[in-house]
Every structure is written in C-alpha cells, then in structure tokens.
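Data first, discussion second: the structure below is written as structure tokens.
The values are calculated or read from the model by the stated rules, or taken from the named source; none is laboratory data. Remember, predicted model here, so these are calculated numbers, not experimental data. Surface accessibility is based on the protein's heavy atoms, side chains included, excluding ligands, DNA and RNA. Shrake-Rupley method; radii C 1.70, N 1.55, O 1.52, S 1.80 Å.
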Amino acid sequence: MPRHAHRPDLEGGGGVSASGLGDHLHVDTCEFILRSGNTNCAGCGMSLALQLLQRGMGDEPLTLCIPACCGIVTAGAFPTSAYGVPVIATTFASAAAVASGVSTVAQLNGDPGHTAVWAGDGGTYDIGMATLSAAAERNEDVLYFCYDNEVYGNTGGQRSGATPEGAVTSTTPGGKLRPKKDVAAILAAHKVPYVATLSAAHQEDFLRKLETAKGIRGFRFLLIHSPCPVGWKSDPADSVELLRLAVSSGLFPLYEVFDGERYRLNAGPDGTSVEEYFKRQGRFRKGTVDVAHVERAIADRWARLELLEAMCPADVE
Ligand code: SF4
C-alpha cells in the first residue's frame, strides 16, 4: 500500500477511536515516516535520519524491515505506531534475509516502491552480519540503511563493532581497545552496486545519495552516522555539531563506492582537530583516548581513500 494511501482501518473522521485504550486516544495518520508519539530520545541521530529519509523518499512507497534495536522500539505499540509506512519487525540477525523475501515477493507481484532495512550498528556490524553479507552477495534488490550510533543503545550501551577506539561503554569501562570495524569497506568488497556514508549534518549530500540509491537496482548499503546522546553522554543539543565535527575531523569520512570499485570522496578531514569532538562527549575520557594515534589513523585512512579514488574514480553523476 502506498504510504500516503488512506487506511480506513486506522481512520475515522480525524482519527480512529482506539477502543479498549480509551476514547481519548486517536491514531495519528499524518504523512510522516517518523510520526509524533515516537519514543526516541531528544537529540537522537536516528530521528534526524528518519526525517531526511522522509524527504528523500517523497511519495514513493516504502516498506521497512527493522530488527530488534532502538529503531523498532521507536514505533511503539499498535495503534499508536510512530511509523507512517508498513514495518516488519524482525529478529536481530534476520533483517536482511526478511527484506530479501519481501523484495522478491514485491517484484513477483509487480509492486512499485522500495524494500529497505533500517538497522542499528549492532544489527549490522555484528549480529546481522551473516544475513547482511548473504543478501549483499546475492545482490538482492534491497536498500540497507544502518543508523550507526556506535553502541548497543537499546540494551544498555554495550560496545559494538562500530564503537570507536577509546570509547567508554558499559562493557568497556576503561575505553574500547579495538578500532571501529570498517563496515563500508566490507560491503564494498561484496561488489554491490552502491555503498555510501551519510551524515545529517550534510543534508544536501545525504539527499543526493538517497536519490542515487533509489535510481539503482540491487543491493545498496547506506551508512548513516547517528549520535546517541544516551550512549555518547553528550548534550542532545550538540548532536548536529558532533556530526559536523566527525566529518571535518575525518572520523566519519563521506564517500561513495560504485560496484565495489569506483570511488567518489565527498567530504573528509579539513584540519579540524578531533579533540573538540572528544571533549563534547562523556564516553571519551582522559586516558582512554590517544589523540595522536587517532589522528594518524584518520590520516592513513583518508590517504588510502584518496588513492582509491585517484586509481578508480566514479564517473557517474
Ligand atoms: S538510546 Fe540512543 S539511539 Fe536509542 S533512541 Fe535514545 S538516543 Fe536514539
């Protein structure tokens, strides 16, 4: 069903009476993917990303497959669902497999629109990696969005494969010792048609990448940096500034990879120190982060990306 189609089962005048839950409750049938009544914390990067997803998708039908993560808690319980599109809640590990099936059935039925996974980093970098890798290898016609908040935000703030080196989490009280897993490189190695990194602090770039992804068939992987004020121990008002600092310091470079081979760099380190980024978050403490070491790793990674772009530039618009 197109997202903007009316749902007679959910409407009655200005909204359906939620019988059994009290006549004062009404289902919100406004046209947003992320509807009012959602349970996200203030300053949640996922909320920002969902609003940009809304703008990028426009009127095109979208079905979301969401594993167990903050993204599925967001929706709340029927009939007060916060999502304005059909959603399938999956187990942590199976989101990409479920999306593969949904997408295949949609194709067989000639249904228009997009099937997408909306998953956190735990369900992507770690628990869901097997089905993600399998769906990517099969080149399923799926849009895979990972909102990367670098922590298991929904289950108590444990470290994930996406947690950066030095970050204090509930399971790394002395700071994480291992570097963040390079999941974009892993997906690019599957030779999928499109891999891109996105930041809500660079909205035009974000929306352009959504447009590019929508115009490609096959498996598309979009990694969205997503502040979690709870896990990052940051001020919710700082979320967009933290996103901006992550890009300008080079901690979260913005780039695209086409067919696993052709690179286009969009934004990376511009001389901004990582120290301001670290200072604004309680998860980075004195003694848990070696700034010089982090800056060397950033420089090495960016130099490698520049080399890849120089050797194999993307010639597509
Ligand atoms: S715990 Fe973090 S990721 Fe989850 S809703 Fe709150 S801010 Fe967002």
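What the Cα convex hull of the stretch 226-266 gives, in volume per residue, is 82 Å³.
Per residue, how large is the accessible surface of the chain? Use a 1.4 angstrom probe and give square angstrom.
Numbers: 13710 Å² over 317 residues.
Counting only protein heavy atoms, the per-residue value for the chain is 43 Å².
Per-residue ellipticity at 222 nm from helix content only, as computed over the chain with -39500 (n - 2.57) for each DSSP H run of at least four residues, stands at -9000 deg cm²/dmol.
Scaled against 2.2 N^0.38 Å for its residue count N, the alpha carbon radius of gyration of the chain is 1.00. Of the Cα atoms belonging to the stretch 234-317, the radius of gyration and Dmax stand at 14.7, 45 Å.
Using alpha-carbon pairs under 8 Å, 6+ residues apart, how would you state the relative contact order of the chain in percent? Write out the running numbers ahead of the final one.
Numbers: 661 pairs, mean separation 47.6, N = 317.
Averaging sequence separation for qualifying contacts and normalising by length gives 15 percent for the chain.
For the chain, carbon and sulfur atoms together expose 56% of the accessible surface, with a 1.4 angstrom probe and every protein chain in place. Dividing the convex hull volume of the alpha-carbon atoms in the stretch 86-213 by its residue count gives 118 Å³ per residue.
Want the number for D182 to D270: 0.36 nm per residue separation, take away the alpha-carbon distance, what's left? Each step should come with its number before you reach the end.
Working: separation 88, 0.36 × 88 = 31.68 nm, distance 2.09 nm.
Going from the current span to full extension adds 29.6 nm.
Pairs exceeding a 21 Å alpha-carbon distance, out of K181/K279; K176/K279; K180/K214; K181/K286; K209/K233; K209/K279: K181/K279; K180/K214; K181/K286; K209/K233; K209/K279.
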